[in-house]
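These notes concern the structure reproduced below.
The values are calculated or read from the model by the stated rules, or taken from the named source; none is laboratory data. From a predicted model like this one, the values you see are computed outputs, not experimental measurements. Please note that ligands, DNA and RNA were not included when accessible areas were found on the heavy atoms of the full protein model with its side chains. Shrake-Rupley method; radii C 1.70, N 1.55, O 1.52, S 1.80 Å.
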Amino acid sequence: MIKISEFINFLSLLGDWLLFAFPLYQGLMELYDYDRFLKEFDQSSKTEAKISPIYWFAPIWKIHLEKKRAVKILREFVKDDEDFRTAMSFIDKTTAWYFVSLGGWFKMISSLYDFFNEVHLYSVWWLIGGTILLTFTGLFSGYYRVSQKRQKAMLKKFKNEYNGKH
């Protein structure tokens, strides 16, 4: 029989996973909203060396280096005040959603630890494995939701239902 404390810890874990996964999804949607900006940015970014993914182990430093790189790239294609406002809006929104998602990820790990303790799974390997699994599912969820494959499937379903087909 499930104890109420196990159930509450599970709900806390689920809520914290949602606080990780859906701000990440929101950030991805923001990125796709700036498609024109991203295409110009992508063309200019090829001239600047990429920042190593190893810096994700120090997220604050990674963001600092990425922002420094982005400023160099922005100088190449920002032509007027409107381009600058678009660029700053893009940078601010993506940074904000990244940190909201990161906060949710930290909370998710803490809730996972509490849940495992509640069900008497004390091994660090359970925590590492669970964190990897929940992180992967959060990333997959966000990237799948903004994918062309999902959008095409939803459009097809919508057209079928609109035309009276099921």
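Descriptive notes on the structure:
- MRE, 222 nm, helices only [DSSP H, n ≥ 4, -39500 (n - 2.57), over the chain, to nearest 500]: -28500 deg cm²/dmol
- On Cα atoms only, tilt of 35-45 relative to the major axis of the chain in degrees: 80 degrees
- 3J(HN,Hα) couplings calculated from phi for the stretch 138-146 with the Karplus curve 6.51 cos²θ - 1.76 cosθ + 1.60 (θ = phi - 60°) are, in sequence order, x, 5, 4, 4, x, 5, 5, 5, 9 Hz; Gly and Pro show x.
- Binned Cα-Cα distances of the chain, short to long, each 5 Å bin given as a whole percent: 1, 8, 12, 15, 15, 13, 11, 9, 8, 5, 2, 1, 0, 0
- Given LYS79/LYS149; LYS93/LYS149; LYS3/LYS157, the pairs whose alpha carbons are separated by over 31 Å: LYS79/LYS149; LYS3/LYS157
- Remark: accessible surface ordering of LEU74, LEU24 (largest first) is LEU24, LEU74, probe radius 1.4 Å.
- The stretch 83-159 - Debye-derived log10 I(q)/I(0), Cα point model, q = 0.24, 0.26 Å⁻¹: -1.04, -1.11
- Residue-by-residue Karplus 3J(HN,Hα) for the stretch 107-122, coefficients 6.51, -1.76, 1.60, Hz, glycine and proline x: 5, 4, 5, 4, 5, 5, 4, 4, 5, 4, 5, 5, 9, 6, 10, 9
- Shape of the stretch 48-120, Cα gyration tensor, a/c cut at 1.5: oblate
- Residue order for TRP17, TRP125, TRP56 - accessible surface, 1.4 angstrom probe, largest first: TRP125, TRP56, TRP17
- Relative to the longest principal axis of the Cα atoms of the chain, the long axis of helix 59-77 makes an angle of roughly 20 degrees.
- Cα gyration tensor category, rounded, prolate or oblate, for the stretch 116-166 with a/c compared to 1.5: prolate
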